[in-house]
Every structure is written in C-alpha cells, then in structure tokens.
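Read through the structure below, which is laid out as structure tokens, and then see the notes.
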Amino acid sequence: MTIRIEKHLVSEMSQDLKQELKNRVDREFADVSIVREHVWAEPWLAITGSAEGQLVSFLNLVDRQVLTDDTATHFFGLNNVITEPEYRGKGFSTALNRYAIQVMQETDPQACGFLFCADALIPFYARLGWQKFDGTVTVSQPSGDKLWPSNAMYFDLSGTRHWKTVHLRGLPW
C-alpha cells in the first residue's frame, strides 16, 4: 500500500482539515488522563499520510526555543502521532516519523526533536533513532510551571548534545 505524505502549515490549513485532525486527537486520547489534565501547545506543522484516497495517519510538529541546562536550544516537538486502527502495523507512522525528521533536519540541522510518549511506545521510537531522556522536563501550564510526569525522548539532529534539564518555556506538545 502506497502512502502519500504531505506537510501543511497549520496557520494555512483549511478549517475542515483542522477539525478533522482535532476530532482524531480527541478520539484517540479521550481516555488518557495525562492528556486530559494538561493544556497543550498549538502545532506549527501537520504532516499527513493518505492511502487509498483517505487520510490514514498524521503527526504534528511544534517549533520552539527551549532551555536545555539553561542554554537556548531550538526544539521541534513531535506530537499527536496517530494512525487509524485499521492501518496500524503497515508502516505509516514510521514513514511519517522519518519524514518529520527530514523536515527538522532541513529546517535546522542543529535543532533537536523532542516528544512525550507512553511506556509501550518507547521501543517504537527507539527503533527510529529517538533516545529516552532521563533528565527533568519542565512545562508551562496556566497554573504555572511544573515538572513533566511522564516519558520524554529526543532526537539530536546534530548528534552532539546531552542535557540534564529541559524547560520547554511553554505548553507541552
């Protein structure tokens, strides 16, 4: 099955596509308490995958300057990686993830990718070159800054950095 990958600036997306992606996020993560308990950042870019003429997979990227060990660092946050259930296990999320890494590298090869994920997804992302981040992550919420309570992974595009702390300087993605 062939996948057609497209990237969309969220600021230029149609309202229909924005609503369709939001509906899929709401459906996929409705029962995930950490998702319901936080306010999330708006993405910069959506990457969609279509097959057989329909949207089957997508992910979002957030673009932000964060602090790593008190140093400004350019991060691309990967979020809402969703493949429709009947298309899972066919390589769609892998293809979109690889494409997202390519977009990050083309945009800023000195930046880093960063994501949050459930325990069960760590092996999937590790196979794609992501590494588990074992330091502390601080995120902003309307009530103030807080430590992130779950898994974080990074993809260091330059391959040269390691940190102990990350402060997103904004909402999680």
In the range 1-27, residue most open to solvent (accessible area, probe 1.4 Å) [restricted to those that are under 22 Å from Q141 (Cα atoms) and not aliphatic (A, V, I, L, M)]: K22
Any pair with Cβ under 9 angstrom, 6 or more apart, that starts in the range 8-23 at a residue that is touching a residue at least 40 places away in the same chain (Cβ under 8 Å) and at positive phi and ends at one that is assigned to a helix (DSSP H, G or I) and not β-branched (V, I, T): none
Of residues in the range 135-170 being open to solvent by less than 50 Å² (accessible area, probe 1.4 Å) and not in a strand (DSSP E or B), the one nearest to R36 (Cα to Cα): W148
Test result for G129, open to solvent by 50 Å² or more (accessible area, probe 1.4 Å) and in a loop (DSSP other than H, G, I, E, B): no
Criterion: in contact with a strand residue (DSSP E or B) (Cβ under 9 Å, 6 or more places away or on another chain), of a type outside the set (A, V, I, L, M, F, W, C) and within 16 Å of F114 (Cβ to Cβ) - qualifying residue of T73, T83, T48: T73
Single residue of the range 107-126 satisfying the filter (among the aromatic types (F, W, Y) and farther than 17 Å from W163 by Cβ) that is least open to solvent (accessible area, probe 1.4 Å): Y125
Output for the range 74-106, where each listed residue is surrounded by fewer than 19 Cβ atoms within 10 Å (Cβ to Cβ), under 26 Å from L171 (Cβ atoms) and of a type in the set (S, T, Y): Y99
Scope the range 33-51; condition in contact (Cβ under 8 Å) with a residue 40 or more places away in the chain and more than 14 Å from the chain's Cα centre (by Cα); matching residues: I34, H38, V39, G49, S50, A51
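The values are calculated or read from the model by the stated rules, or taken from the named source; none is laboratory data. It should be emphasised that the depicted structure is a prediction, and the values quoted were computed from it without experimental measurement. Reconstructed Cβ throughout: ideal geometry from the backbone, glycine too, with neighbour counts over all protein chains shown. Accessible surface areas use protein heavy atoms only, side chains included; no ligands, DNA or RNA. Shrake-Rupley method; radii C 1.70, N 1.55, O 1.52, S 1.80 Å.
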